[in-house]
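Presented below is the structure to which this report refers.
The values are calculated or read from the model by the stated rules, or taken from the named source; none is laboratory data. From a predicted model like this one, the values you see are computed outputs, not experimental measurements. Glycine gets a Cβ as well: all are built from the backbone with ideal geometry, and neighbour counts include every protein chain shown. Just so you know, the surface numbers come from the protein's heavy atoms only, side chains and all, with ligands and any DNA or RNA stripped out. Shrake-Rupley method; radii C 1.70, N 1.55, O 1.52, S 1.80 Å.
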Amino acid sequence: MTTNRSPKTRLTLSLLTATVLSTGALGILAEPAVAQQPSAEQSTSALLSIAEIERKVSAEGLQVTDIELRERVAEVEGKDGSGRKVEWIVDRHDGRILSRDLDD
């Protein structure tokens with residue numbers, strides 16, 4: 001069965017078809033990048049434990065009195081080498097000390 005469509009209708013249908021096909025193809029190409037993102041479970045499994053954090057800050061001279069774990073950081077309270085109360089914020093991924101403050 002053939003239909004008689006005007007050239008303008010054929011052009012519109014061709015452009016619409018091309019748009020749908022190219023959008024679908026782009027979606028397929030973009031899918032692997034999304035699949036490579038770590039899940040929440042994978043990203044939290046790489047976080048340092050309380051014991052690991054305590055070892056790291058103790059090696060820096062802090063006598064730990066309390067550790068509170070947050071999603072991506074740990075708040076560590078203790079005494080520094082001079083006996084002052086301090087609070088440190090520690091990155092739970094790599095143990096970097098992000099801030100050191102005197103605790104009031």
- Message: Give me the tail of P(r) for the range 45-86 as a percent: Cα-Cα pairs with distance above 16 Å.
- Response: 31 percent
- Message: For a quick check of understanding: with a 1.4 angstrom probe and all protein chains in place, what accessible area in square angstrom does residue 92 have, to the nearest ten?
- Response: 30 Å²
- Computed label-point distance, nm, for sites residue 65 and residue 102 using a 7 Å Cα→Cβ extension: 1.5 nm
- Item | Of 67, 50, 95, farthest towards positive along the dipole that unit charges on Lys, Arg, Asp, Glu beta carbons give the range 44-98 | 95
